[in-house]
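*Asks:* Shown below is the structure under consideration.
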């Protein structure tokens, strides 16, 4: 091999390497196709038993581009939904993939829904004509690359077109994204239609944050809420059948909430339990206005309900139960609930005194009339602290034997992050031992009656 030939080969390798480098840079510079989809659920149970478009369930498909940001379909791209599996009825009645009709719907907001394109049996594709922009719903998902929001949600409705599909079991739907490169991404979900919900079709999970005091108003806040999650047997969504263009709330089954004795006697029927997407009713609004706007839509009929009441009327009891029922069904859930006696304590008159080694001089003084979260700075070398809480009534006088709830949240140099909610205290002093050892469950002190 001559030296001249060797140099030519080296030059070709250098050009090839440069070419690949240029290609890589060009692809990463901008999003060029839809890279993935996410479904709102992988399982859907629709109650009502109507074999018409008035008994439809709905789900959505979210799309992201190759940069990982929310983005609507690019030109030449499409989404199709096809019935690919049918159940076998126990009574021998025949079923077919064509038992279900599908339609694309556009959600402008939670009360404004419209059909898009034609409803067809077995399969539907978008776009059916025109551009994909005619089929995308308002979602206002944040896009990191542009620090703006975009619409990248596609809604679909599905309903039985024959009575054979009702109480038959689960059908399988395949959702396919065909991107501009011709690559196909497939996700699946199951859907079934029932005449009446039973315990085998729906589950209720109840969780509580904070406490209930007789006479207090109950709303949905970070510090105090009762949340109920409705799901089907597979952990998916449960919906009431509704018309294709009905508001999103139309798909939310109706629930009721009551406080009962351990014997099941109703002490109080609570004012509301809703999955309405209203802040302070079933979720806590984000401090970012764009996200808060999106929450109103995304939290509507998402399966998470909030329990509210203008004033708790049930008497104080440590053996009460919270009873949740799905209307027009036999599905019920009870959870332990403690109701505390009404108190005349006023948080605005609370006084705090901290005793700890090395604490700042200002933090050693009594902090009077504290009605908000109060911070104390404690050195990491300090291993214990004592917080004295002085509760006063409406007249500002000391209120003996007051039941209060405290929470502690640390900030600064500590081993890990977390929040701890103590039991209700009937004493003035709270000992906080071993501060710097492992405070994964502690935090800054706050108290309220």
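The values are calculated or read from the model by the stated rules, or taken from the named source; none is laboratory data. Only a predicted model underlies this, so the values are computations on that prediction, with no experimental measurement involved. When we count neighbours, we look across all protein chains shown, and the Cβ atoms used for this are built from the backbone with ideal geometry, even at glycine.
*Asks:* For residue 197, state whether it is touching a helix residue (DSSP H, G or I) at 6+ places or on another chain (Cβ under 6 Å), farther than 30 Å from residue 402 by Cα, outside any helix (DSSP H, G or I) and modelled with pLDDT of 95 or more. Before the answer, list the steps.
*Replies:* On the way: touching a helix residue (DSSP H, G or I) at 6+ places or on another chain (Cβ under 6 Å): no; farther than 30 Å from residue 402 by Cα: yes; outside any helix (DSSP H, G or I): yes; modelled with pLDDT of 95 or more: yes.
No; evaluated as a whole, the condition is false for this residue.
*Asks:* Let me ask something else. Which residue out of 90, 31 is in a loop (DSSP other than H, G, I, E, B), touching a strand residue (DSSP E or B) at 6+ places or on another chain (Cβ under 9 Å) and either modelled with pLDDT of 90 or more or surrounded by 11 or more Cβ atoms within 10 Å (Cβ to Cβ) (or both)? First the steps, then the outcome.
*Replies:* On the way: 90 fails: touching a strand residue (DSSP E or B) at 6+ places or on another chain (Cβ under 9 Å).
From the options 90, 31, the qualifying one is 31.
*Asks:* Name the strands (runs of 3 or more DSSP E) wholly within segment 285-352 that hold at least 2 residues that are surrounded by fewer than 16 Cβ atoms within 10 Å (Cβ to Cβ)?
*Replies:* On the way: elements: 304-308, 317-326, 332-340.
Answer list for segment 285-352: 317-326, 332-340.
*Asks:* A follow-up question, please. Hey, among 157, 170, which residue is assigned by TED's automatic domain parsing to the domain that holds residue 103 and within 30 Å of residue 293 (Cβ to Cβ)? Break it down into steps so the answer makes sense when it comes.
*Replies:* Working: 170 fails: within 30 Å of residue 293 (Cβ to Cβ).
Testing whether each residue is assigned by TED's automatic domain parsing to the domain that holds residue 103 and within 30 Å of residue 293 (Cβ to Cβ) leaves just 157.
*Asks:* Might you let me know whether segment 291-307 holds any residue that is more than 25 Å from residue 155 (Cα to Cα) and either at pLDDT 85 or above or outside the structural domain of residue 258 (by TED's automatic domain parsing) (or both)? It would help to see each step written out before you state the result.
*Replies:* Here is the first cut: in segment 291-307, the ones more than 25 Å from residue 155 (Cα to Cα) are 307.
So of that shortlist, the ones also either at pLDDT 85 or above or outside the structural domain of residue 258 (by TED's automatic domain parsing) (or both) come out as 307.
Among the residues of segment 291-307, at least one is more than 25 Å from residue 155 (Cα to Cα) and either at pLDDT 85 or above or outside the structural domain of residue 258 (by TED's automatic domain parsing) (or both), which makes the answer yes.
*Asks:* Just a yes or no: is a residue in segment 138-156 crowded, with 17+ Cβ neighbours inside 10 Å, within 21 Å of residue 45 (Cβ to Cβ) and in contact (Cβ under 8 Å) with a residue 24 or more places away in the chain?
*Replies:* yes
Conditions (1) free of Cβ contacts under 8 Å to residues at least 40 places away in the same chain; (2) out of contact with any helix residue (DSSP H, G or I) (no Cβ under 9 Å at 6 or more places or on another chain); (3) under 30 Å from residue 240 (Cβ atoms), marked per residue:
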position: 305; (1), (2), (3): no, yes, yes
position: 313; (1), (2), (3): no, yes, yes
position: 317; (1), (2), (3): no, yes, no
position: 322; (1), (2), (3): no, yes, yes
position: 326; (1), (2), (3): no, yes, yes
position: 333; (1), (2), (3): no, yes, yes
position: 341; (1), (2), (3): no, yes, no
position: 348; (1), (2), (3): yes, yes, no
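*Asks:* Right, something else. Within segment 340-347, is there a residue that is at pLDDT below 90 and closer than 17 Å to residue 388 by Cβ?
*Replies:* Of all residues in segment 340-347, those at pLDDT below 90 come to 340-347.
So of that shortlist, the ones also closer than 17 Å to residue 388 by Cβ come out as 345, 347.
Checked against the condition, which is being at pLDDT below 90 and closer than 17 Å to residue 388 by Cβ, segment 340-347 yields at least one hit.
*Asks:* So residue 228 passes all but one of these: (1) at negative phi; (2) out of contact with any strand residue (DSSP E or B) (no Cβ under 6 Å at 6 or more places or on another chain); (3) assigned by TED's automatic domain parsing to the domain that holds residue 323. Which condition number does it fail?
*Replies:* Condition (2) is where residue 228 drops out.
*Asks:* Of all residues being over 15 Å from residue 319 (Cβ atoms) and surrounded by 21 or more Cβ atoms within 10 Å (Cβ to Cβ) in segment 256-273, which is nearest to the chain's Cα centre (by Cα)? Just the residue, please.
*Replies:* 273
*Asks:* Just to be sure before I move on: is residue 83 in contact (Cβ under 8 Å) with a residue 40 or more places away in the chain, farther than 17 Å from residue 134 by Cα and assigned by TED's automatic domain parsing to the domain that holds residue 150 in the structure I sent? Outline the logic, then answer.
*Replies:* Details: in contact (Cβ under 8 Å) with a residue 40 or more places away in the chain: yes; farther than 17 Å from residue 134 by Cα: yes; assigned by TED's automatic domain parsing to the domain that holds residue 150: yes.
So residue 83 passes the test.
*Asks:* Follow-up question, since we're still on this one. Pull up segment 167-220, narrow it to residues that are surrounded by 14 or more Cβ atoms within 10 Å (Cβ to Cβ) and at positive phi, then point me to the one that is farthest from the chain's Cα centre (by Cα).
*Replies:* Once the filter is applied, the top-ranked residue is 167.
*Asks:* Give just the number: which of (1) in contact (Cβ under 8 Å) with a residue 60 or more places away in the chain; (2) under 26 Å from residue 245 (Cα atoms); (3) buried (at least 17 other Cβ atoms within 10 Å of the Cβ) does residue 69 not satisfy?
*Replies:* If we test residue 69 against (1) in contact (Cβ under 8 Å) with a residue 60 or more places away in the chain; (2) under 26 Å from residue 245 (Cα atoms); (3) buried (at least 17 other Cβ atoms within 10 Å of the Cβ), just (2) comes out false.
*Asks:* Sticking with this one: Looking only at segment 103-140, which residues are within 16 Å of residue 53 (Cα to Cα) and not in a strand (DSSP E or B)?
*Replies:* Once the filter is applied, which keeps residues that are within 16 Å of residue 53 (Cα to Cα) and not in a strand (DSSP E or B), segment 103-140 yields only 122.
*Asks:* Could you say whether any residue in segment 238-249 is assigned by TED's automatic domain parsing to the domain that holds residue 319, assigned to a loop (DSSP other than H, G, I, E, B) and without any contact (Cβ under 8 Å) to a residue 24 or more places away in the chain? Don't jump to the end; show me each part of the working.
*Replies:* The initial filter retains those residues of segment 238-249 that are assigned by TED's automatic domain parsing to the domain that holds residue 319, namely 238-249.
Pick out the ones that are also assigned to a loop (DSSP other than H, G, I, E, B) and you get 241, 243-247.
From what is left, the residues that are without any contact (Cβ under 8 Å) to a residue 24 or more places away in the chain are none.
No, segment 238-249 contains no residue that is assigned by TED's automatic domain parsing to the domain that holds residue 319, assigned to a loop (DSSP other than H, G, I, E, B) and without any contact (Cβ under 8 Å) to a residue 24 or more places away in the chain.
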